[in-house]
Amino acid sequence: MAVGRLLHWGPLVAILIIKCVSLTTLYYLVQWSVPLWRWSYLLNLCLYCGLIVTTFFNFFAAVFNGPGHVPRGWRPKRAEDEQYLQYCHTCEGFKAPRSHHCSKCNRCCFKMDHHCPWINNCVGFANQRHFFYFLLSAVIGSVHSSALLCISLYRALYYIPVGMMHCHFVCSFQV
């Protein structure tokens, strides 16, 4: 059941995007960051790999940790408290305070925020923190990736033509 949450267009597209951006950035980071022992290269590599791991960990935690569901047919312990609660006809039980019914999951969720198609799950009490950290690390990783790719593009456009012109200039005098 839990693995079935990943077999949906939202999580598959999210994993594909994260994977493509991460591998492309790592490839160009390794390609243009020579020599490999420079501290700036190692710092960027460690920071970026840490962001990738954090993004994937929080993504999978948000997918597999449900939002926290109200048990079907739930009733408060004291019968007089029922007058203060709403009744969910679909779940055939009372809604706990600050819970809402999700039409996609067909369950009442504690502190439900929304049903997110990217994680194919509701964002609620139990997985809200992981969802927030997933979004935060994905945005920071995207900004870091953009900076690294811009630096790689600059190096590719600047260093290769300069190196080729230098080689052509030197080689023409050796004839």
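Shown here: the chain, whose C-alpha atoms stretch 99, 29, 21 Å along the first, second and third principal axes, sorted largest to smallest. In a simple Cβ point-charge model (Lys, Arg +1; Asp, Glu -1; nothing else charged), the chain has a dipole of about 260 debye relative to its Cα centre. Using a 1.4 Å probe on the protein chains only, how many percent of the accessible area of the chain belongs to carbon and sulfur? Result for the chain: 68 percent of the exposed heavy-atom area is carbon or sulfur.
How do the peptides 134-142, 16-24 rank, highest first, by the average count of neighbouring beta carbon atoms within 10 Å per residue? Each step should come with its number before you reach the end.
Working: 134-142: 17.9, 16-24: 13.7.
Highest to lowest by the protection proxy: 134-142, 16-24.
The count of lysine pairs in the chain with alpha-carbon distances below 24 Å, taking only pairs 8 or more places apart or on different chains, stands at 4. Averaged per residue, the range 27-106 has 68 square angstrom of accessible surface, using a 1.4 angstrom probe with ligands and nucleic acids left out.
The values are calculated or read from the model by the stated rules, or taken from the named source; none is laboratory data. These figures come from a predicted structure and were not determined experimentally. Neighbour counts run over all protein chains shown; Cβ positions are idealised from the backbone, glycine included. Accessible surface is based on the protein model in full, side chains and every heavy atom, while ligands, DNA and RNA are left aside. Shrake-Rupley method; radii C 1.70, N 1.55, O 1.52, S 1.80 Å.
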